[in-house]
1. Give the residues of region B:252-264 that are under 16 Å from B:V373 (Cα atoms) and outside any strand (DSSP E or B), sorted by residue number.
2. Which number in (1) modelled with pLDDT of 80 or more; (2) touching an Asp or Glu at 6+ places or on another chain (Cβ under 9 Å) marks the one condition that B:L11 misses?
3. Determine whether B:S573 is touching a helix residue (DSSP H, G or I) at 6+ places or on another chain (Cβ under 6 Å), closer than 30 Å to B:H230 by Cβ, open to solvent by 10 Å² or more (accessible area, probe 1.4 Å) and more than 9 Å from chain A (Cβ to nearest Cβ).
4. If we scan region B:110-132, do we find a residue that is under 30 Å from B:Y242 (Cα atoms) and part of a loop (DSSP other than H, G, I, E, B)?
5. Restricting attention to region B:635-646, and to residues there that are surrounded by 19 or more Cβ atoms within 10 Å (Cβ to Cβ) and either outside any loop (DSSP other than H, G, I, E, B) or on the phi > 0 side of the Ramachandran plot (or both), which single residue is farthest from the other protein chains (Cβ to nearest Cβ)?
6. For a quick check of your reading of the model, give me the residue pairs whose first member lies in region A:19-43 and is more than 7 Å from every other protein chain (Cβ to nearest Cβ) and over 28 Å from B:S557 (Cβ atoms), whose second is surrounded by fewer than 16 Cβ atoms within 10 Å (Cβ to Cβ) and modelled with pLDDT under 85, with beta-carbon atoms closer than 8 Å and at least 6 apart or on different chains.
7. Which of the residues spanning region B:558-570 are more than 9 Å from chain A (Cβ to nearest Cβ) and touching a residue at least 24 places away in the same chain (Cβ under 8 Å)?
8. Under the condition of being of a type in the set (G, A, S) and at the interface with another protein chain (Cβ under 8 Å from one of its Cβ atoms), which residue from region A:44-56 is surrounded by the fewest Cβ atoms within 10 Å (Cβ to Cβ)?
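The values are calculated or read from the model by the stated rules, or taken from the named source; none is laboratory data. Computed from a prediction, not measured in an experiment: that's the story for all the values here. Reconstructed Cβ throughout: ideal geometry from the backbone, glycine too, with neighbour counts over all protein chains shown. Areas reflect the complete protein model, heavy atoms only, side chains present, ligands, DNA and RNA absent. Shrake-Rupley method; radii C 1.70, N 1.55, O 1.52, S 1.80 Å.
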Amino acid sequence: MSRKRNLLALLLALPVAAAAAEFTANPAPRDPWVPPELRKALPVPPSRGESFDEQVRQKLRASFEAADVDHAGALTREQARRGGFGFVANNFDRIDVDRKGSVTFEDLLRYLRANGAAL
Amino acid sequence: MASASPRRRALARAAALLPVALAASALAAPPNATVVEYYRADVDHYFMTASPQEQAALDDGVLKGWTRTGQTFLAWTDAAHAPADAQPVCRYYGRPEAGLDSHFYSAFTDECDEVAAKFPLAWQFESAAVFYIQVPDRTSGACPGATMPVYRVFDNRRDANHRYTTSTALRVTMQANGWILEGIGPGGVVMCAPQPATAAADVALTDPTFYSAGPTGSLASAIDAAAVTHHAITLGGTIIPYTATAGHLTARGLGTGVPEASFFYVAYTADGQDPGTRPVTFFYNGGPGSASVWLHLGSFGPKRIATGGPNASLPQPYPLVDNAESLLDTSDLVFVDAVGAGLSEAIAPFSNQSFWSVDADAAVFRDFVFAYVAANGRESSPKFLFGESYGTTRSAVLARLLETAGMTIDGVVLQSSVLDYNSNCGVVSSPSISCAGYFPTYASVGAHYGLARPVPSDIATFRRSAETLAIGTYAPAITEFLQSFALPAPAVLNTLVDDTGMTLDQWQSHFNLDPGTFQNHLIPGIVIGRYDARVSAPFGDPLARDDDPSSTVITPSFAQAIQSYLTTTLKYSFPTFYVTLGNAINFWDFSHDGHPLPDVVPDLAAALALNPQMKVLSLNGFHDLATPYYQTALDLTRMAGAPIEFRTFEGGHMTYLDDGSRPLEKADVRALLRTPLTGGAP
């Protein structure tokens, strides 16, 4: 790191350092806490049952679609790996039971259910 | 006769047959097994085992009556790791029907064969190789270099018990008690155990970097460097040498490799363990914006700050002591600070604030875990996450992201959970949110202060009835109240008064009772703690300054101790201050799934969908007014059928600070860490 960068960081760090120097003034944590303007809960009760399961599936679907860069509705092993869905890449042969060389989201769900997932 | 020691004859007969011990071995892997000795007083028998499963069964009392003697020596689990001249150690079991009920071990194959041949009925063959170890010269009893002799003594009784020890003092004592020295040479040597690694030299580090915890904090570049120091701790009678690594590691974007943040971490790794089977657990606090100092120096690391909680009147600063409940006997431990806390900082072009959101924070933690695993060869180690408070929010998202990215997580420990911010009426303070989930906590606290009527004769029964009241009576009454402002019948109100000690006036004016009101009105003139409601202070007292005496009383000790502990004990020096609590919470983007506040129960469920073998352990304190245990139980019921272990302890948010609860909590976490693996990553 450059000297210039060090100086800049020192300047930025000073208020924090000064506060921390006085240990008794160290702030006490308040976790969990949110700023006043955020203290509104959802107007709907928490999801349960089928709507909860659908939320879970949506999360998996989002990962699937993020990797499906060509919007083909299916992932090859390589696409899954490059797209951050390592789980699909690692388990590809077990998901791709029909040996199509690519797997759909339904293939993934079928595999997860067979594996014991409550979806 | 079975009463004779099987080995004496075998050794004498076969001594000439064995080739002279092979030349000192070529380089071998460090010893990966600890042979632990046990004693059972009622039969005056010694037993030893290198098997972690057997040790667990003996330690946990599955096999009753056995206690550790404190004597151990090192060995290898298998031939592949052992030096070329190491020998398998056979084990025979003397049948109880023959009056024995005792085990016999030998590192000489010919002696093993002799036992089988001479005593086929009395001594039952159990294993050809319970561990691997080097052997002495068959004539002189001399051990090869870098090993130490293991002596064998025989009780000279019908039950034929043997003891194996590296201690000459013990050998002499046993002989004085009538035990017969066996083995080769004047010392009676039967095995040669590797010397415990002589402490490698410590590597101190003076880190010149100024770390900033502010929102714009952004390092121009970062170097992965760490101080490495060597220590030992005695846990359950066994000395565990360990290495502490304190420094920085760069997290890089998944798939992109772009540097994101320089994470500060302290890793404790037990020496000489097999990374293939040794678990590694990642710990972090929450906030968001908190460093991991609370878990690091309060819970299951090798040192802890002895707060003596809930007693708030002990002299300060509290001492830093060896932690008898450290999990280092079971898992390697990595304490890591969030970006903008402790000494962790973003790397340009990112700034700390780039990672101050629910999703970006979890993603950069994922990238840290990948970086740590790759840098330390922990790919095949069982992996666990241990988060507290907001750290449980992080864990749910992080577990999903790690599983999605292809890293198997074997278990998640949720210490004092906030999995759905929308369900906690102490956080959202929205009049439309029911506080019913807090009621069992109010009742526990009322009982603690002797305010519950009638005085509970059995606290567990009392709590169960408070839980039933919360869900069966109080919750529906709140629903009614929120719709029509109608209070329930006086009989119901009186039950609430009796269970908690809050007055009828209070219940009438604050029927949907929030924890802040409870803290300030349960006892006139007194504020009770939020994190641990058993701690209290009069209004105006210095401890009441931040509305939470339980937090105010412990914070200075933790802030001071981490600073000197890092510098002095871990030899990691730095020019700035370790930021125990940054300002991230005021900048944090709490949104998740398109909603303003996070509900991460579906994230945890998604992680479990990807890995149904992942274990989840929820730890909760009865006196925690920040994350009420019963609300957490209700939140978790949304994952219908998920195999979640739910535990409650005496204590507040940081149950591990309670001297009675910490050992119980450790036992639960230890059981999780030891759960047999069911396949792991393909």
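1. Across region B:252-264, the qualifying residues are B:G253, B:L254, B:G255, B:G257.
2. The single condition B:L11 does not satisfy is (1).
3. Values: touching a helix residue (DSSP H, G or I) at 6+ places or on another chain (Cβ under 6 Å): yes; closer than 30 Å to B:H230 by Cβ: yes; open to solvent by 10 Å² or more (accessible area, probe 1.4 Å): yes; more than 9 Å from chain A (Cβ to nearest Cβ): yes.
So B:S573 passes the test.
4. In the first step, residues of region B:110-132 are kept if they are under 30 Å from B:Y242 (Cα atoms); the result is B:129-132.
Okay, now just the ones that are also part of a loop (DSSP other than H, G, I, E, B), so none.
No, region B:110-132 contains no residue that is under 30 Å from B:Y242 (Cα atoms) and part of a loop (DSSP other than H, G, I, E, B).
5. From region B:635-646, those surrounded by 19 or more Cβ atoms within 10 Å (Cβ to Cβ) are B:635-636, B:638-639; that's our starting set.
Right, trim to either outside any loop (DSSP other than H, G, I, E, B) or on the phi > 0 side of the Ramachandran plot (or both) and you get B:635-636.
Working: B:D635: 7, B:L636: 11 Å.
Per the criteria, the residue is B:L636.
6. Within 8 Å, the pairs are A:P43/B:S432.
7. Pass one, region B:558-570, residues more than 9 Å from chain A (Cβ to nearest Cβ): B:561-562, B:564-570.
Answer for region B:558-570, where residues must be more than 9 Å from chain A (Cβ to nearest Cβ) and touching a residue at least 24 places away in the same chain (Cβ under 8 Å): B:A561, B:I562, B:Y565, B:L566, B:T569, B:L570.
8. Start the filter on region A:44-56 by keeping residues that are of a type in the set (G, A, S), which leaves A:47, A:49, A:51.
Subsequent filtering for residues that are at the interface with another protein chain (Cβ under 8 Å from one of its Cβ atoms) retains A:47, A:49.
Details: A:S47: 18, A:G49: 9.
Restricting to residues being of a type in the set (G, A, S) and at the interface with another protein chain (Cβ under 8 Å from one of its Cβ atoms), the top hit is A:G49.
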